[in-house]
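The values are calculated or read from the model by the stated rules, or taken from the named source; none is laboratory data. Quick caveat, the model's predicted, so the values are computed rather than measured. Glycine also receives a Cβ, built like all others from the backbone with ideal geometry; neighbour counts cover every protein chain displayed.
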């Protein structure tokens, strides 16, 4: 679906809606629609529309108002590109060729708004496949363009500043600056869609300036437009100065919230600053969902539940995401100015293959193929269930790799800020309809916080304290920017502990691995490779309230810690004769601390050295020693009688360390 907008500043300035009993209702094939609100439908709705139809409805309302169009129902023949049966909505007359969008299928279009008092709706059908058609409602929205006419800034260095000029009933002119102040400037900027602070200015009249048409304006500062202020037009202006403003455009909704804007709505932001790089653009500011901060929300054309078109090959189905009123480069500027960003994705499936078989993927803002899904590590070829280890049927990657007749789903948040926003999704293995089917839902882009001189926070606990609540991949710097270790990427679990965020770092030895046969103490060695460097992880441990790592040894006919035949190495390479659940260098395992070992008198089950399979497991919790660098075992030479398997869990830290005095 392609959308174009002629004037985003006008379309998205806050206005007020007024409805009256004056309505229009029609089911004819086109016509002129007038009044302050009305309903219209395709001919015969909800019965099938006609073949070879070309109906045009022109909605024309009073000057100074805009048209707001909402579709209640739409069922047309579905085809990528909408070339068969389709509805086209134009901003103004169709002859002006300013499309607000072309629509087909059954996915309802978003609410549409014109930039003038005219909107045109055209429906065309071909000679086959006639379905239900559509039903829509329109109403008037008071134009924010000022004084029942128009307002603009002229002569400034950019679009945020300049002389204030108004158009009242066709008469254009300036504003006298004799009583001009910051309250009046604030209202002008708000009317133009700039919702930050504002500074008033007075500029001497120059040759070529329009004559003054407004001699006096007095505002309280909370009005939405100048026509809600006290205005006088008849008096002469006793000053040679003209009113001017400089509108302060905020980087994001988070900055707006900090500046005192508490009402959710549509605002204009400029993430990289006035006159820098990308132009400002309108977004929705969610000021309610996270206490104390604003969340910047950018919608797109694929947020509804969309069916994956039937096709067989890997990635044969493609859906490109078209964002509303912002380019990918503008969104990148927003992401780079934000502390966190996320996008929820969901795939519902039956009898399909997905990431495990590389049958589906998503594409980053710059066109990179990404083989992972919401809630999993970037490029891991896993979904959230694969990251957690709880996929259906014991699958290791995704529920949608089951390829059976049961409806399943994979969903979660994408949070890798180097790759967001989602540009495209690709799927396949849906050819055999209705047995093979899938539906995708791609959420809006949501960003919060704004970067200051401290570019990265120290841990996931600090991120959660800053208002980030979605689990995902984030960048942290435990000892601060420019100090010690460099920043690195981790997985933040924001849900398992209601009070804090948990920083999780994986490694290459998380699976159950067999101890290779050898006889001497510690002759077997397994060194772990983490997703970050050991000094970085030690810095994380020092800035956290607590850290832990689960370790387990399954054994038969072996000797272990108590006998000095096995141990683990700290991050700094120190030998430790203890195991999970015991005290540091105690020569004991967890069962030895509680007196519950299988063999009386032993401190570890795996020191029993008999023919029975036993195990020792628990959490290592010494922050100064973690993470585990390597494990060493022995006494496994006489295979298969002597055998052992080790499992070393992820390294995780939670909370924030108390400051040292």
Legend entry - Failed item in (1) farther than 16 Å from residue 254 by Cα; (2) buried (at least 17 other Cβ atoms within 10 Å of the Cβ); (3) modelled with pLDDT of 90 or more, with residue 324 passing the rest: (3)
Inset, instruction - Among what's in region 575-587 and is out of contact with any helix residue (DSSP H, G or I) (no Cβ under 8 Å at 6 or more places or on another chain) and part of a loop (DSSP other than H, G, I, E, B), pick the residue that is surrounded by the fewest Cβ atoms within 10 Å (Cβ to Cβ). - result: 584
Inset, instruction - Determine which member of the set 545, 541, 572 is surrounded by fewer than 20 Cβ atoms within 10 Å (Cβ to Cβ) and in contact with a strand residue (DSSP E or B) (Cβ under 7 Å, 6 or more places away or on another chain). - result: 545
Legend entry - Which listed residue, of 234, 223, is at negative phi, exposed (fewer than 15 other Cβ atoms within 10 Å of the Cβ) and not in a helix (DSSP H, G or I): 234
Legend entry - Flag if residue 263 is over 24 Å from residue 413 (Cα atoms) and surrounded by fewer than 21 Cβ atoms within 10 Å (Cβ to Cβ): yes
Inset, instruction - From 251, 278, 290, 228, grab the single residue that is out of contact with any strand residue (DSSP E or B) (no Cβ under 9 Å at 6 or more places or on another chain) and more than 27 Å from residue 168 (Cα to Cα). - result: 278
Inset, instruction - Considering each of 367, 294, 374, 315 in turn, give the residue that is within 29 Å of residue 105 (Cβ to Cβ), surrounded by 19 or more Cβ atoms within 10 Å (Cβ to Cβ) and not assigned by TED's automatic domain parsing to the domain that holds residue 111. - result: 374
Legend entry - Identity of the residue in region 593-611, touching a helix residue (DSSP H, G or I) at 6+ places or on another chain (Cβ under 9 Å) and in a loop (DSSP other than H, G, I, E, B), that ends up farthest from residue 543 (Cα to Cα): 599
Inset, instruction - Could you please find all residues in region 316-333 being out of contact with any helix residue (DSSP H, G or I) (no Cβ under 6 Å at 6 or more places or on another chain) and either in a loop (DSSP other than H, G, I, E, B) or over 16 Å from residue 368 (Cα atoms) (or both)? - result: 316, 317, 321, 322, 323, 324, 326, 327, 330, 331, 333
Legend entry - Residue in region 387-397 that is surrounded by the most Cβ atoms within 10 Å (Cβ to Cβ), counting only those that are more than 21 Å from the chain's Cα centre (by Cα) and touching a residue at least 24 places away in the same chain (Cβ under 8 Å): 397
Inset, instruction - Exactly one condition in (1) in contact with a strand residue (DSSP E or B) (Cβ under 9 Å, 6 or more places away or on another chain); (2) outside the structural domain of residue 637 (by TED's automatic domain parsing) is not met by residue 490; state its number. - result: (2)
Legend entry - Selected residue (only one of 183, 206 is free of Cβ contacts under 8 Å to residues at least 12 places away in the same chain and surrounded by fewer than 20 Cβ atoms within 10 Å (Cβ to Cβ)): 206
Legend entry - Residues being in contact with a helix residue (DSSP H, G or I) (Cβ under 8 Å, 6 or more places away or on another chain) and crowded, with 20+ Cβ neighbours inside 10 Å - total across region 399-422: 8
Legend entry - Odd one out for residue 242, checked against (1) within 30 Å of residue 333 (Cβ to Cβ); (2) outside any helix (DSSP H, G or I); (3) in contact with a strand residue (DSSP E or B) (Cβ under 9 Å, 6 or more places away or on another chain): (1)
Legend entry - Options 519, 513; residue that is surrounded by fewer than 14 Cβ atoms within 10 Å (Cβ to Cβ) and in contact (Cβ under 8 Å) with a residue 12 or more places away in the chain: 519
Legend entry - Inter-residue pairs, beta-carbon under 8 Å, first outside the structural domain of residue 357 (by TED's automatic domain parsing) and in region 415-431, second at pLDDT 95 or above and in a loop (DSSP other than H, G, I, E, B), 6+ apart: none
Inset, instruction - Filter the strands (runs of 3 or more DSSP E) completely within region 492-564 down to those with at least 1 residues that are touching a helix residue (DSSP H, G or I) at 6+ places or on another chain (Cβ under 9 Å) and closer than 20 Å to residue 618 by Cβ. - result: 502-505, 546-556
Legend entry - Residue check, residue 511 touching a strand residue (DSSP E or B) at 6+ places or on another chain (Cβ under 8 Å) and at pLDDT 85 or above: yes
